[in-house]
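A short reminder: the numbers here are calculations on the coordinates, not readings from a lab. The shown structure was predicted, so the numbers you read here are calculated from the model rather than taken from an experiment. As a convention, Cβ positions derive from the backbone with ideal geometry for all residues, glycine included, and neighbour counts pool all protein chains shown.
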Amino acid sequence: MDSTSSSFISITTTGSGANPTCCSGSRVPTCTKTLSFKSNTGRYILSGMLFTSALIPAVLLFSHNIQSVARAVPRVDENNDLEARLRCGSLVRSAIRVLQLERGFSAYFLSSGRTTQTRDAMLRQRVKVRRW
């Protein structure tokens, strides 16, 4: 392979024969093999690197999303419970308001000398309480 070819990995081994040496001594033979995009080995290594560089972030992102959803499920249940409590509180508040209005009209009717106008107002309020 010539020096002008496209290369992306350079593999260097050191040693003499079967005994590799680690840069010791004055005679350290080197053998450099360059992998090219044009060779099958180079293509396999390149595709492996690209696949790994795309797959690892995707798996990490997917696992992070799964963990986020798992953490959010109890919060959704808590929110549903809280919403039910708020609806119940709103209904109780409305019932108390209607009953207090009826109580006020009844007290007004009794204190006004039981006039027809106050009796009609009290009866209209009782109809609202019965509908509620």
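Take Val59, Val129 and order them by how many other Cβ atoms sit within 10 Å, fewest up front.
Numbers: Val59 10, Val129 13.
Least to most surrounded, the residues fall as Val59, Val129.
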Checklist outcome for this item: If each K or R counts +1 and each D or E counts -1, the residues other than Leu86 whose Cβ falls under 13 Å of its Cβ total 0
Checklist outcome for this item: 1/(1 + (r/R0)^6) with r = Cβ-Cβ of Arg124 and Asn80, R0 = 30 Å, i.e. FRET efficiency to nearest 0.05, evaluates to 0.20
Item to check | Per-residue Cβ neighbour rank within 10 angstrom, fewest leading, Met49, Met122 | outcome: Met49, Met122
